[in-house]
Amino acid sequence: MAGRGASRLMLTMFTHNRCQLCVDAKEALHHVRKQVPFEITEVDIKKPGNEKWFDEYKYDVPVIHVNDEFLLWHRVNIDDT
């Protein structure tokens, strides 16, 4: 079937503006993106409207979802990718 297996990876990174681990994760993902193409959306868990994510991840950012499924939290280790 044409196009099968060519699904696009969509990452969601849950973050907030005072998160050094998030800065480190973004840098690591930038390196991964050179090898594996993906789209990324950032969700600031402290912004109005994101209370659900704040309640769930306030102690765990950064959190990464891939195609709406949990992948990892705290650190992105490119040696494991």
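The values are calculated or read from the model by the stated rules, or taken from the named source; none is laboratory data. Only a predicted model underlies this, so the values are computations on that prediction, with no experimental measurement involved. Glycine also receives a Cβ, built like all others from the backbone with ideal geometry; neighbour counts cover every protein chain displayed. Surface areas here come from the heavy atoms of the whole protein model, side chains and all, with no ligands, DNA or RNA. Shrake-Rupley method; radii C 1.70, N 1.55, O 1.52, S 1.80 Å.
Some observations on this one:
- Listed candidates (1) 17.2, 55; (2) 15.7, 48; (3) 13.5, 46 - label of the one calculated as Rg and Dmax of the Cα atoms in Å: (3)
- Residues whose placed amide H lies under 5 Å from that of Leu11, excluding near-sequence neighbours: Glu39, Ile40, Thr41, Asn67
- Count, lysine Cα pairs under 22 Å in the chain, 8 or more residues apart or across chains: 6
- Percent carbon-and-sulfur accessible area, the chain, ignoring ligands, DNA and RNA, probe 1.4 Å: 50 percent
- Seen against the Cα atoms of the chain and their longest principal axis, helix 20-33 is set at about 10 degrees.
- Heavy-atom surface of the chain, accessible at 1.4 Å and reported per residue (Å²): 75 Å²
- Distance (nanometres) between label positions extended 7 Å along Cα→Cβ at Leu9 and Lys47: 2.4 nm
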